[in-house]
Amino acid sequence: MAAIKIPAEQVTLTDQRDVTTFLAVRGIDYERWTPSRELGPDASADDVLAAYAYQIEALKARGGYVTADVIDVKADTPNLDMMLAKFNREHWHDEDEVRFIIEGRGLFHINAGGDVFVLEVSKGDLIRVPRGTHHWFDLCAEKRIRAIRLFQDPSGWTPHYTDSGVDRGFQPICFGPSYIAPVATRPSATPPA
Ligand SMILES: [Fe+2]
């Protein structure tokens with residue numbers, strides 16, 4: 001499930017209602033999708049698209065998206081670093097960035113009018129970053145993501161780099177288990193008098 005960090009305020013949001021509201025206020029849609037049938041680890045792209053056909057068609061109708069595909073990235077994907085280098089600098093697009101995560105994790109940094117927050121997405125998360133939003137994207141340490149992408153016009157998804165340098169002030173560190181609420185520490189036992 002998605003989680004948000006706001007570095008400037010040292011705040012982390014993990015409650016899905018809090019995450020959804022935080023994003024909605026900033027014009028970013030967030031949903032949880034479940035497939036119409038279970039998908040195995042070897043499911044083909046067509047199987048994936050068929051399992052989420054209902055949600056994809058509904059989103060196409062809502063957002064004017066015309067195509068959907070499946071991107072599959074692993075640690076051994078050829079030229080992975082070159083691929084990631086296109087997206088891990090601050091940029092924006094002429095169309096929405098719509099991703100539904102099937103496997104793996106990723107980290108969006110989103111610059112909402114000067115306030116940067118970090119959104120970690122994982123399996124079952126649908127995110128729609130509106131066109132024009134300044135953002136950048138990294139994979140987590142395991143370098144794994146499989147996601148459905150929706151496009152209004154695939155040619156409109158070319159990154160436009162801001163070259164602001166804002167991205168250099170942030171480390172692309174995924175949250176991992178540490179974002180789960182810490183277990184309260186028991187007070188140490190009082191030593192016998
Ligand atoms: Fe992007």
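The values are calculated or read from the model by the stated rules, or taken from the named source; none is laboratory data. What you see is a predicted model, and the numbers here were worked out from it, not measured in a lab. Note: ideal-geometry Cβ built from the backbone for every residue, glycine included; neighbour counts use all protein chains shown.
Brief remarks follow.
- Filter result (within 24 Å of Asp47 (Cβ to Cβ) and touching a helix residue (DSSP H, G or I) at 6+ places or on another chain (Cβ under 8 Å)) within region 75-93: Thr77
- Subset of region 93-132 [more than 12 Å from the chain's Cα centre (by Cα) and farther than 18 Å from Gly169 by Cα]: His93, Asp94, Glu95, Asp96, Pro130, Arg131, Gly132
- Some residue of region 70-78 being more than 28 Å from Ala141 (Cα to Cα) and in a loop (DSSP other than H, G, I, E, B): no
- Failed criterion for Asp94 (all others in (1) crowded, with 16+ Cβ neighbours inside 10 Å; (2) out of contact with any Phe, Trp or Tyr (no Cβ under 7 Å at 6 or more places or on another chain); (3) not in a strand (DSSP E or B) hold): (1)
- One residue alone among Arg89, Arg128 is crowded, with 17+ Cβ neighbours inside 10 Å, at pLDDT 95 or above, under 18 Å from Leu49 (Cβ atoms) and within 16 Å of the ligand (Cβ to nearest atom), and that residue is Arg128.
- From the options Ala58, Ala75, Ala45, residue that is more than 16 Å from the ligand (Cβ to nearest atom), under 23 Å from Gly27 (Cβ atoms) and of a type outside the set (D, E, K, R): Ala58
- Only one entry of Phe108, Phe22 meets the criterion of being of a type outside the set (Asp, Glu) and either at pLDDT below 95 or closer than 20 Å to Arg144 by Cα (or both), and that entry is Phe108.
- Any hit, region 138-146, residues being within 12 Å of the ligand (Cβ to nearest atom) and either more than 23 Å from Asp15 (Cβ to Cβ) or touching a residue at least 40 places away in the same chain (Cβ under 8 Å) (or both): yes
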